[in-house]
Amino acid sequence: MTPSPYPHLLQPLDLGHVTLRNRVLMGSMHTGLEDRAADFPKLAAYFAERARGEVGLIVTGGIAPNLVGWLKPFSGKLSMRWELRRHRLVTDAVHAEGGVICMQILHAGRYAYHPFQVAPSPIKAPINPFTPRALSRRGIEAQIRAFVRAAQLAREAGYDGVEIMGSEGYLINQFLAPRTNHRTDEWGGALENRQRFALEVVRRTRAAVGRDFILIFRLSMLELVEGGSSWEEIVDTARKLEAAGVSILNTGIGWHEARVPTIATSVPRAAFAGVTAKLKPHVSIPLVAVNRINMPEVAEQVLASGQADMVSMARPLLADPEWVVKARTGRADEINTCIACNQACLDHVFVNRKASCLVNPRACSETELVYRPTPAPKRIAVVGAGPAGLAAATVAAQRGHRVTLFEASERIGGQFNLARRIPGKEEFNETLRYFGRQIERTGVDLRLGVRATAGDLMEFDEIVLATGIRPRTPAIEGIDHPKVCSYIDVLTGARRVGRRVALIGAGGIGFDVAEFLVHEGPSPSLEPSRWMQEWGVDPAFEAPGGLAPPRPEPPAREVWLLQRSPGRPGARLGKTTGWIHRAALRMKRVHMHGGVEYLRIDDAGLHVRIEGEPRLLDVDDVVVCAGQEPLRELAEPLQAAGRTPHLIGGADVAAELDAKRAIAQGSRLAASL
Ligand code: FAD
Ligand code: NAP
Ligand code: SF4
C-alpha cells in the first residue's frame with residue numbers, strides 16, 4: 001500500500017465515545033437554507049454530499065436558541081419540539097453517508113439584525129443600526145437555559161454534538177470582552193465575572209446532554225478589536241472551558257466589526273494558525289485551527305507541525321465537496337480550490353440570497369444543478385477558454401459529450417490570467433490549475449493558439465461562444481495620446497508605467513490595477529509577517545485584541561483612482577470585501593475621487609474637473625479601466641450560415657460581468673446540452 005500523502009490530516013481522531021475518520025472539520029457557514037423549513041431537504045442534500053466526500057466532522061450554520069438570539073427575523077432557530085423534524089432530515093442524510101454532524105448554537109446578541117436584540121450592556125455595534133437592551137439577571141438566566149434546551153433538542157434531532165459559538169463578537173463573546181461588557185454585577189467587571197456566562201452555558205449543557213455528545217466551543221482567540229481580551233485571559237478561559245466539559249476547542253479569529261481582514265483572498269494561507277498553536281501547551285483537548293486553510297498541503301503542514309489537532313474549513317468544502325476524498329486518494333490536483341473571494345457565499349448571505357460558490361455553482365443547488373451523463377453524446381465546440389468557456393467545456397465533457405475547446409492565446413484562463421497577477425489574488429492560479437486538470441481528465445480536445453473562425457465551427461452539433469470582452473475606450477479628447485494605455489498592457493507587462501499614474505474607471509479592475517501599481521516585489525499575501533505588519537496585527541498575538549499599530553510599506557507609485565459617478569469609489573464592490581480594497585488603497589495613499597469629469601489628455605497630463613473644480617493631474621501615464629464590451633465577432637457569420645450559437649460570459653453580456661456569472665452560465669448551459 002502506498003503511504004498516505006497527508007498522514008496527519010487523514011489520521012482518525014478518537015473522542016472517547018466516537019472516532020472521527022480524519023482531522024477535517026467543516027466549519028459553520030450560513031447558507032440561507034437553514035432559515036426555511038421548506039429548504040431543509042436541500043440542506044440535507046448539501047451536507048450529505050460533503051459527508052459522502054469523507055469530511056471528518058460537519059458543523060451546521062448557526063442556529064439560534066431563541067427568538068432574541070436570531071441573527072435576523074425568521075433565521076434558523078431550534079427552541080421548540082415541532083422544529084425537530086426538519087433537522088432530522090439533515091442528521092439522517094449525513095449519518096446515511098457515514099458522517100458525523102454537530103449543530104452550531106449561535107446567539108447573535110448585539111449582532112442580531114432586529115430591534116429585540118439583547119447584550120450584556122447597551123452598547124451599539126458599529127455594524128448594526130439597533131442598540132441592544134441590556135439583559136437583566138433573569139434575562140441572563142433565560143439565555144443560558146435557551147442554550148441548554150437547544151443542545152438537548154439537537155441531541156433529540158440526531159446531531160452528534162453541538163458547537164457553542166463563543167467568538168466573532170456574538171453574545172458569549174460580548175460577555176467575555178471588556179469592550180462590550182460594562183456590567184458591574186456578577187456577570188461583568190473582573191475576568192471571572194465576564195467568563196461566568198460562557199462557563200455556565202458549557203457546564204449546564206454538558207450536564208444536560210451527557211458525556212457521549214460532542215461539545216465544541218468556538219473561543220475567540222484573536223479579537224482584532226480595541227477592548228478585546230488579553231492573551232492571559234484567553235488562556236484562562238480556555239482552561240476553564242476544558243474543565244467545564246468542552247470536548248473540542250475551535251478557534252475564532254476577529255470580530256465581525258474588526259477592521260483587519262481575516263478570511264479574504266489577500267489574507268495569507270493559514271495566517272492565524274500560530275494563534276491556535278500558542279494555546280496548545282495550555283489545554284489537553286483537541287484544538288482546531290481556522291481561516292485560509294484551503295489545500296491539503298497547507299492543512300497537513302498545520303497538523304504536522306503540531307499547531308493544531310484539526311483544521312476547520314468552511315468555504316473550501318463549499319467549493320469542493322470531494323476535497324477530503326481527493327486528498328486521500330492522491331488527487332489533490334483535482335481539488336476545486338476556494339479562492340476566498342466571498343462573491344457567491346458571504347456576499348450572497350449578507351443580502352439574504354442563498355449561498356453558492358463562484359468556482360462551484362452546484363454548491364447549495366445540489367438537487368437542482370445535476371451533471372447527469374448524457375444519453376446522446378454530441379460534438380460541441382466551445383470558443384474561448386476563459387472561465388465561462390472552461391466551465392462549459394469541462395462540464396459538457398464530464399457528461400460524455402465530445403468537446404473541442406478553441407483558445408486564441410497560448411494558455412487557458414482568459415482574464416483570470418490578469419487577475420492572478422494582482423498582489424493578493426494569487427489564489428486565482430488554483431482555478432486555472434483545476435480547469436487544466438479537468439480538461440485532461442474529461443478528454444476535452446484543447447486547441448491553444450487557435451483563433452477560431454466561423455468556418456472551423458460548422459462541423460459541430462452545438463457551438464458555444466465564450467469569447468469574452470474587449471475593453472471599452474472612452475471618448476475623451478486625447479485618448480490616443482502616448483501617455484494612455486489599457487489595463488491589459490499594464491497587467492501583462494507590455495507597458496511599464498512611471499511613478500505617477502491616473503486610472504480612468506474605479507470598478508473592480510480599476511481597484512485591482514491600483515493595487516498592482518502601488519506594490520513592488522513579492523506580494524505581502526505570501527509573507528504573513530509583512531502582511532500582519534501592514535494591517536496592524538501583533539505578531540506575538542499578545543496585546544489585548546491582538547492589535548498593533550499598522551505599519552504599511554510605502555507605495556511604489558502615486559496613483560489617482562477616478563470615476564465619473566458621484567460618491568466614494570468602490571461603493572459597488574463586494575459587500576464583505578469592498579471595505580478591504582478601499583482600506584488597502586487608503587493605506588497606500590491612493591487619491592480616490594468620484595464625480596470626475598475627464599476634460600482631455602495631453603503632454604501635461606490628465607485634465608479633469610473634480611466636483612466642479614478644474615485640475616491638472618501631471619501624471620506620467622493614464623491607464624483606462626473603463627469597463628468592457630462583449631466580443632462576439634463570430635456570432636454574425638454563424639447566424640448568416642444558419643447556425644444559432646450559445647453565448648455565455650462576456651460574449652453574452654459584458655456589463656457587470658464577473659467570474660461567478662461566467663462559470664455559472666457555462667456550467668448551467670453544459671448541464672442542459
Ligand atoms: P474571458 O475571461 O475574457 O475569456 C475569453 C477568452 O476567449 C479569452 O481567453 C480569449 O483569448 C478567447 N477568445 C476570444 N475570441 C476567440 C476566438 N475567436 N477563438 C478562440 N479564442 C477566443 N471576476 C471576479 O468574479 N472576481 C474577481 O476578483 C475578478 N478579478 C478580476 C481582476 C482582473 C484584473 C480582471 C481583468 C478581471 C477580473 N475579474 C474578476 C473578471 C473575470 O475575470 C471575468 O468576468 C471573466 O474572466 C469573464 O469570463 P469569460 O469566459 O466570459 O471571458
Ligand atoms: P466596472 O465595474 O463596470 O467598472 C468600470 C468603471 O469604468 C467604472 O468606474 C465606470 O464608472 C467607468 N466607466 C464606464 N464607462 C466609462 C466611460 N465611457 N468613460 C469613463 N469611465 C467609464 O468594470 P471593470 O472594472 O472593468 O470590471 C469588470 C468586471 O470584472 C466587473 O463587473 C467586476 O465585477 C469584475 N471584477 C470583480 C472584481 C472583484 O474583486 N470582485 C475585481 C475585478 C473585476 P463611472 O462611469 O462612474 O466612471
Ligand atoms: Fe470560496 Fe469564493 Fe466559493 Fe465562497 S464563493 S466558497 S470564497 S471560491
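The values are calculated or read from the model by the stated rules, or taken from the named source; none is laboratory data. Fair warning: this is a prediction, and the values are worked out from it, not measured in the lab. Methodologically, a virtual Cβ is constructed for each residue, glycine included, from the backbone with ideal geometry; neighbour enumeration extends over all protein chains shown.
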* Asked: Under the condition of being surrounded by 22 or more Cβ atoms within 10 Å (Cβ to Cβ) and among the β-branched types (Val, Ile, Thr), which residue from the range 402-427 is farthest from Ala381 (Cα to Cα)?
  -> Ile422
* Output yes when any residue across the range 345-352 is in a loop (DSSP other than H, G, I, E, B), modelled with pLDDT under 95 and within 29 Å of Gly61 (Cα to Cα), and no when none is. => yes
* For the range 333-353, how many residues meet the condition of being buried (at least 18 other Cβ atoms within 10 Å of the Cβ) and more than 11 Å from ligand 3 (Cβ to nearest atom)? -> 2
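Here's the yes/no breakdown for (1) under 28 Å from Pro474 (Cα atoms); (2) part of a helix (DSSP H, G or I); (3) assigned by TED's automatic domain parsing to the domain that holds Trp231; (4) of a type outside the set (Asp, Glu):
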residue: Gly545; (1), (2), (3), (4): no, yes, no, yes
residue: Leu561; (1), (2), (3), (4): yes, no, no, yes
residue: Arg568; (1), (2), (3), (4): yes, no, no, yes
residue: Ala571; (1), (2), (3), (4): yes, no, no, yes
residue: Trp579; (1), (2), (3), (4): yes, yes, no, yes
residue: Arg582; (1), (2), (3), (4): yes, yes, no, yes
residue: Leu585; (1), (2), (3), (4): yes, yes, no, yes
residue: Arg600; (1), (2), (3), (4): yes, no, no, yes
* Of all residues in the range 641-673 being more than 11 Å from ligand 1 (Cβ to nearest atom), in contact (Cβ under 8 Å) with a residue 24 or more places away in the chain and assigned to a helix (DSSP H, G or I), the one that is surrounded by the most Cβ atoms within 10 Å (Cβ to Cβ) -> Ala670
* Asked: Within the range 322-330, is even one residue within 12 Å of ligand 3 (Cβ to nearest atom), outside the structural domain of Glu430 (by TED's automatic domain parsing) and more than 11 Å from the chain's Cα centre (by Cα)?
  -> yes
* Asked: Just checking, which of Ala264, Ala319 is within 16 Å of ligand 1 (Cβ to nearest atom), buried (at least 24 other Cβ atoms within 10 Å of the Cβ), in contact (Cβ under 8 Å) with a residue 24 or more places away in the chain and not hydroxyl-bearing (Ser, Thr, Tyr)?
  -> Ala319
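Results for (1) within 30 Å of Phe47 (Cβ to Cβ); (2) within 22 Å of the chain's Cα centre (by Cα); (3) assigned to a strand (DSSP E or B), shown as yes or no for each residue.
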residue: Cys102; (1), (2), (3): yes, yes, yes
residue: Arg110; (1), (2), (3): yes, no, no
residue: Tyr113; (1), (2), (3): yes, yes, no
residue: Ser121; (1), (2), (3): no, no, no
residue: Lys124; (1), (2), (3): no, no, no
residue: Ile127; (1), (2), (3): yes, yes, no
residue: Thr131; (1), (2), (3): no, no, no
residue: Arg138; (1), (2), (3): no, no, no
residue: Ala142; (1), (2), (3): no, no, no
* Among Thr453, Thr442, Thr431, which is polar (S, T, N, Q), touching a Ser or Thr at 6+ places or on another chain (Cβ under 6 Å) and in contact (Cβ under 8 Å) with a residue 40 or more places away in the chain? -> Thr442
* To do: Look through Glu192, Glu186 and report the one residue that is part of a loop (DSSP other than H, G, I, E, B) and surrounded by fewer than 22 Cβ atoms within 10 Å (Cβ to Cβ).
  => Glu186
* Near pairs, Cβ below 8 angstrom, 6+ apart or cross-chain, from the range 284-296 (in a loop (DSSP other than H, G, I, E, B)) to any residue that is among the aromatic types (Phe, Trp, Tyr) and more than 16 Å from ligand 3 (Cβ to nearest atom) -> Val290/Phe272; Asn291/Phe272; Arg292/Phe272
